[in-house]
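Asker: First the structure, which I've put down as structure tokens, then a few questions once you've had a look.
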Amino acid sequence: MKKTSMLAAAVAVSIAVPAFAQTYPTKPITMVVPFAAGGPTDIIARIVAEPMSRTLGRQIVIENVAGAGGTTGITRASVAAPDGYTIMMGHMGTHGAAPALYLKLKYDPARDFAPVGLAAETPIIIVASKTHPANDLKEFIAWARAEGDKANHAHAGVGSVSHSTGILLDSILGTRPTLIPYTGTGPALNDMMSGQVDYMTDQIVNLVSQINAGTIKAFAIATRVRSAALPGLPTTREAGLDNYEVSAWNAIFAPKGTPPEIVAVLNDALVKALDDPDARKRLDELGAVVPDATGRTPAALQKLVESEVARWKTVLTQATATAKP
Ligand code: MLT
């Protein structure tokens, strides 16, 4: 290729890419976490943000914006300038279950974002306070059915992972507990540890250390195989509940209209973070399931969102229909 045509091609590309994208990032980046600090979304965000900041050469600053099952923070981030300086950590609740539970959701998970990449899948565990009378899943199910609305079931707001997976469990068990909302399962876990609420379904990364410390009870993990992070914890199927298998995921999104060149820079930083030895060790210890290369692309995340929105619409329509009046 002649030098002149190479120069022309280079100039053409530089004109096609917005000027600000050519030098991105030149200042700190805000990552909105739509739940209270200390919960699973916050935990995963902070684990990946640190190596991402190193790769990008600019600090990723976490901003916790809680409320309405994560939809408050996601709504705010979805209308931020699409310049790469506001991103968000969404998940199976905010970008999967929420449309089935909010008639007037202010965003469409499949259309109003530039997907950056999947950070981790997070198996769901049924947990209860240390003083809970049940000592295994069968006893828990009998207790839940006997307690009725006297059972206090914690979650992180309508449409959150703990809410959607929790009402799914309740509908399968045919129970109708009192639902207690929190701004995240970090605060919910604190209240469960002090015995103020009875149980919840939460993401493994929020629970491993408490389960190992014996400060909460865990009855089963809702995956087909056990987690290497909790080898002694039976699956729901092993524990006698064979129709409750559910897992969540956490992923990074940017506002719709973010230039693909910026999305590519962010995706590269996320992919490197997932292979960062310290970050990977932490994620593995907490029971997170890190996606392989094919699962890390923006296109793979877009497909995941579309399939999850459809799946949870079906699941939750049935769950809310069968819930006891
Ligand atoms: C959290 O970070 O608090 C959780 O993701 C909340 C939830 O979705 O249950």
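The values are calculated or read from the model by the stated rules, or taken from the named source; none is laboratory data. The structure presented is a predicted model; accordingly, all values stated were derived computationally and were not measured. Using ideal geometry, Cβ is built from the backbone for each residue, glycine included, and neighbour counts are taken over all protein chains shown. Accessible surface areas use protein heavy atoms only, side chains included; no ligands, DNA or RNA. Shrake-Rupley method; radii C 1.70, N 1.55, O 1.52, S 1.80 Å.
Asker: How high is the relative contact order of segment 15-168, given as a whole-number percent (alpha carbon pairs under 8 Å, six or more residues apart)? Each step should come with its number before you reach the end.
Answerer: Values: 189 pairs, mean separation 38.5, N = 154.
Relative contact order here is 25 percent.
Asker: Grab the beta carbon distance between GLU261 and ALA146, set R0 = 56 Å, and tell me the FRET efficiency rounded to 0.05.
Answerer: Values: r = 59 Å, r/R0 = 1.05.
Plugging the Cβ-Cβ distance into 1/(1 + (r/R0)^6) gives 0.45.
Asker: If R0 is 45 Å, what FRET efficiency do you get for ALA80 and THR294 from their C-beta distance, rounded to 0.05?
Answerer: Calculated value: 0.95.
Asker: Once label points are set 7 Å from the Cα along Cα→Cβ at both ARG237 and ALA310, what is their separation, rounded to one decimal in nm?
Answerer: Going from the ARG237 label point to the ALA310 one covers 2.4 nm.
Asker: Going toward the positive end of the dipole of segment 187-255, with +1 on Lys and Arg Cβ and -1 on Asp and Glu Cβ, which of PRO255, GLY232, ALA220 do you reach last?
Answerer: Farthest towards the positive end: GLY232.
Asker: Strictly over 22 Å apart at the Cα level, which of LYS217/LYS281; LYS27/LYS256; LYS106/LYS313; LYS138/LYS281 would you flag in this model? Walk me through the numbers on the way to the answer.
Answerer: On the way: LYS217/LYS281 25 Å; LYS27/LYS256 20 Å; LYS106/LYS313 17 Å; LYS138/LYS281 34 Å.
In this structure, LYS217/LYS281; LYS138/LYS281 lie more than 22 Å apart at Cα.
Asker: Here is a further query. Order of 175-182, 283-290, 312-319 by packing, highest average Cβ count within 10 Å first? Write down the numbers at each step before the final one.
Answerer: On the way: 175-182: 18.5, 283-290: 20.2, 312-319: 16.9.
The most tightly packed comes first, giving 283-290, 175-182, 312-319.
Asker: Moving on to the next point. How high is the FRET efficiency from LYS106 to GLN22, r the C-beta distance, R0 22 Å, rounded to 0.05? Each step should come with its number before you reach the end.
Answerer: Values: r = 32 Å, r/R0 = 1.47.
My answer for the efficiency is 0.10.
Asker: Determine the sum of side-chain charges near ASN152: Lys and Arg each +1, Asp and Glu each -1, restricted to other residues whose C-beta is under 10 angstrom from that of ASN152. Working shown, then result.
Answerer: On the way: positive: LYS150; negative: GLU147, ASP149, ASP191, ASP198.
Taking every Cβ under 10 Å from that of ASN152, the sum is -3.
Asker: Heads up, I need the accessible area for SER227: 1.4 angstrom probe, whole protein in place, Å², nearest 10.
Answerer: Accessible area of SER227: about 20 Å².
Asker: Also: When the helix-only estimate is applied to the chain (DSSP H runs of n ≥ 4, each -39,500 (n - 2.57), divided by the residue count), what is the mean residue ellipticity at 222 nm, nearest 500 deg cm²/dmol? Show your work: numbers first, answer last.
Answerer: Details: 12 runs with 135 residues, N = 325.
Rounded to the nearest 500, the figure is -12500 deg cm²/dmol.
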